[in-house]
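The values are calculated or read from the model by the stated rules, or taken from the named source; none is laboratory data. Please read these numbers as outputs of a predicted model, since none were measured by experiment. Here Cβ is always computed from backbone atoms with ideal geometry, including for glycine, and neighbour counts include all displayed protein chains. Ligands, DNA and RNA are excluded from the accessible area calculation, which covers all protein heavy atoms including side chains. Shrake-Rupley method; radii C 1.70, N 1.55, O 1.52, S 1.80 Å.
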Amino acid sequence: LTDADARPLPTGAPGVFCYPEAFEQLLAELRTAIAALAADEPFQRLAVPPVIARSTLERAGYVASFPQLVGTVHSYAGTPREWAALAPLVVTGGDWHAHQRIGDLVLLPAACYPVYASLAGRELTSPVRFAVEASCFRQEVTSETGRLRSFRMAELVTAGDEAHCLAWRDRWLDRVGDWLTGCSLKPVVEVADDPFFGATAKLYQAAQRAQQLKYELRVELADGLVQAVASANVHRDHFGEAFGFTSAGAPGQTACTAFGLERIALALLHAHGPHPRRWPAAVRAAVGAPAGADR
Ligand code: 5GP
Ligand code: ZN
């Protein structure tokens, strides 16, 4: 492993890669660095599975806003007799999935959704904080470096009142920017919007920008290609309304800071070369490598 090439390997499926051990080592170091950034706040750590109840995602408004990105999970719902007729089509490349039916789960598109759902019915007397990570899926139609359909997202999530969420988001935006700068990545911070779908998209995106709900930290991932490696968001009372949790009697407010782990790693590999063990010690330390890990 000492000097291994960390670059992801294509699988033949656009936006889906396999990751060598040296890449995973880098991701582990990023997790350590993020945990160190978060050390002075009492985050409750949660491991999140890569699927979520379809009803939760519907309730969160994700399906209505981003239907083009949702990966649904279907399974066979026919009889053995019907399957006997379909089975030969698997071999011939035919429509063997004619009887597949959508299930109660969908693929998770962002790590923070299960957190909001878990707060249902609560009155938050003080802010709550969660640190989560999940494999996420989005049905991206383009594939360029860093635009993945399956990717890992680490998130810091909080819920409380408006003043807390706004201050928290702003603090994290600064903190993540400083960390990325310390990794020599030169992040650009910009007001951003989400890829809303359909006739109302422009309206929602304009409102999201006007209210400065979303900031992205953008970094070069390949020559001439800049992408968001992290985002810092407030959602006002959107999830408090959707899931029925409150703060001081009003719908609770939420904020999240999301780290695209593959994208950060890809940006580092682009900036410092494909062999992490050859990076300058200062970069390794900033990224989160334990002291002395270089040699
Ligand atoms: P957001 O919820 O802000 O869209 O996504 C949070 C973070 O997840 C982004 O800043 C980015 O780092 C990562 N992310 C979002 N979409 C993709 C994607 O298609 N591919 C990869 N590799 N990361 C993504
Ligand atoms: Zn989030």
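Figures for the structure shown
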item: Residue list for the stretch 49-68, restricted to those being open to solvent by 80 Å² or more (accessible area, probe 1.4 Å) and more than 30 Å from R171 (Cα to Cα); result: E58, A64
item: Residues within the stretch 69-81 that are open to solvent by 70 Å² or more (accessible area, probe 1.4 Å) and either in a strand (DSSP E or B) or touching a strand residue (DSSP E or B) at 6+ places or on another chain (Cβ under 9 Å) (or both), tallied; result: 2
item: Selection within the stretch 49-68 - of a type in the set (F, W, Y) and either in a helix (DSSP H, G or I) or in contact with a helix residue (DSSP H, G or I) (Cβ under 8 Å, 6 or more places away or on another chain) (or both); result: Y62
item: Leading residue by the ranking (farthest from ligand 1 (Cβ to nearest atom)) among those in the stretch 245-281 that are over 30 Å from G160 (Cα atoms) and part of a loop (DSSP other than H, G, I, E, B); result: P280
item: Selected residue [in a strand (DSSP E or B), more than 18 Å from the chain's Cα centre (by Cα) and touching a residue at least 24 places away in the same chain (Cβ under 8 Å)] from R101, R152; result: R101
item: Selected residue (criterion: farthest from ligand 2 (Cβ to nearest atom)) from residues of the stretch 284-294 that are in contact with a helix residue (DSSP H, G or I) (Cβ under 6 Å, 6 or more places away or on another chain) and part of a helix (DSSP H, G or I); result: A286
item: Condition check for E220: among the acidic types (D, E) and within 27 Å of F197 (Cβ to Cβ); result: no
item: Hits in the stretch 82-98 - residues which are outside any helix (DSSP H, G or I) and open to solvent by 50 Å² or more (accessible area, probe 1.4 Å); result: G93, D95, W96, H97, A98
item: Pair list, Cβ < 8 Å and 6+ apart or interchain, from the stretch 31-48 residues that are closer than 16 Å to R175 by Cβ and in a helix (DSSP H, G or I) to residues that are open to solvent by 60 Å² or more (accessible area, probe 1.4 Å) and modelled with pLDDT under 95; result: T32/P290
item: Evaluation of R236 against (1) in a loop (DSSP other than H, G, I, E, B); (2) charged (D, E, K, R); (3) buried (at least 22 other Cβ atoms within 10 Å of the Cβ) (one fails), failing number; result: (3)
item: Pick from the stretch 243-283, criterion in contact with a Lys or Arg (Cβ under 7 Å, 6 or more places away or on another chain) and open to solvent by 20 Å² or more (accessible area, probe 1.4 Å), ranking: farthest from C112 (Cα to Cα); result: P274
item: Answer residue from the stretch 204-232, given it is within 13 Å of ligand 2 (Cβ to nearest atom) and open to solvent by 10 Å² or more (accessible area, probe 1.4 Å) and is farthest from S126 (Cα to Cα) among those; result: A228
item: Counted residues, the stretch 104-130 - those being within 18 Å of V73 (Cβ to Cβ), more than 16 Å from ligand 1 (Cβ to nearest atom) and either over 20 Å from the mean Cα position of the chain (by Cα) or part of a helix (DSSP H, G or I) (or both); result: 2
item: Lone unmet requirement of (1) surrounded by 19 or more Cβ atoms within 10 Å (Cβ to Cβ); (2) touching an Asp or Glu at 6+ places or on another chain (Cβ under 6 Å) for R147; result: (1)
item: Residue identified as in contact with a strand residue (DSSP E or B) (Cβ under 9 Å, 6 or more places away or on another chain) and away from ligand 2 (no atom under 16 Å from the Cβ) among L266, L261; result: L266
item: One residue from S118, S135 being without any contact (Cβ under 8 Å) to a residue 12 or more places away in the chain, surrounded by fewer than 18 Cβ atoms within 10 Å (Cβ to Cβ) and within 16 Å of ligand 2 (Cβ to nearest atom); result: S118
